[in-house]
1. How many residues does the range 60-74 contain that are surrounded by 17 or more Cβ atoms within 10 Å (Cβ to Cβ) and not hydrophobic (A, V, I, L, M, F, W, C)?
2. Just to verify a result, which residue in the range 33-59, among those that are of a type in the set (Val, Ile, Thr), within 19 Å of Ser110 (Cα to Cα) and out of contact with any Lys or Arg (no Cβ under 8 Å at 6 or more places or on another chain), is surrounded by the most Cβ atoms within 10 Å (Cβ to Cβ)?
3. Take Thr87 and tell me if it is touching a Leu at 6+ places or on another chain (Cβ under 7 Å) and buried (at least 17 other Cβ atoms within 10 Å of the Cβ).
4. What is the residue count in the range 39-56 for residues that are closer than 22 Å to Val95 by Cβ and not in a strand (DSSP E or B)?
5. Which one of Ala63, Ala107 is of a type in the set (Gly, Ala, Ser), in contact (Cβ under 8 Å) with a residue 60 or more places away in the chain, more than 27 Å from Ala148 (Cβ to Cβ) and in a helix (DSSP H, G or I)?
6. Listed residues Gly98, Gly129, Gly103; which is outside the structural domain of Cys46 (by TED's automatic domain parsing) and surrounded by fewer than 16 Cβ atoms within 10 Å (Cβ to Cβ)?
7. Where residues in the range 66-90 are of a type in the set (Gly, Ala, Ser) and either without any contact (Cβ under 8 Å) to a residue 60 or more places away in the chain or part of a helix (DSSP H, G or I) (or both), which of them is nearest to Val141 (Cα to Cα)?
8. What single numbered condition from (1) of a type in the set (Asp, Glu); (2) in a loop (DSSP other than H, G, I, E, B); (3) more than 23 Å from Leu131 (Cβ to Cβ) fails to hold for Glu11?
Amino acid sequence: MILHLTINGREQAVDCEPYETLLNLLRRVGFTGAKRVCESGECGACAVLVDGRAVDSCIMLAAQADGSRVTTVEGLGDLRDLSAVQTAFADNGAVQCGFCIPGMIVAATSYLEENPEPTEEQIRHVFVGNLCRCTGYVKPVEAVLTAARRMRSGGNGD
């Protein structure tokens with residue numbers, strides 16, 4: 001079957017099998033920021049935005065995204081132009097091994113669109129779906145608070 005998706009701002013027609021997950025499709029076409037870990041929607045490492053909403057791509061069939069805008073962590077920014085959340089993660093030392101970080105950045109980006117003035121408790125609740133063994137969540141939470149502050153003031157910290 002042919003799916004019509006907009007991936008990171010670029011319209012694409014992609015062939016896929018009816019049983020293929022969105023994670024597998026994205027990785028197959030070259031977007032490797034979403035990580036394959038639990039494959040059961042428990043860890044959040046595979047999070048991507050589908051029409052602006054964070055989803056675990058390991059449990060979503062690719063066919064369910066037909067006609068949608070899909071944004072991976074690669075589509076949020078690049079080394080020359082990081083998003084506010086990506087910049088804040090770097091500035092706050094929130095990246096350790098980096099395996100779970102793309103999913104955390106995607107989840108935080110989605111949440112900040114809904115709630116530009118989050119509390120620490122709210123951010124911790126958002127990260128319930130993101131398993132991280134390295135950071136202890138302190139630095140990522142600080143990073144999201146920093147990103148929120150910067151976004152409200154109209155910048156990303158550059």
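1. Adding up the residues that qualify gives 4.
2. Within the range 33-59, the match that is surrounded by the most Cβ atoms within 10 Å (Cβ to Cβ) is Val48.
3. no
4. 5
5. Values: Ala107 fails: more than 27 Å from Ala148 (Cβ to Cβ).
One residue alone meets the criteria, Ala63.
6. Gly98
7. My answer is Ala88.
8. (2)
The values are calculated or read from the model by the stated rules, or taken from the named source; none is laboratory data. The shown structure was predicted, so the numbers you read here are calculated from the model rather than taken from an experiment. Here Cβ is always computed from backbone atoms with ideal geometry, including for glycine, and neighbour counts include all displayed protein chains.
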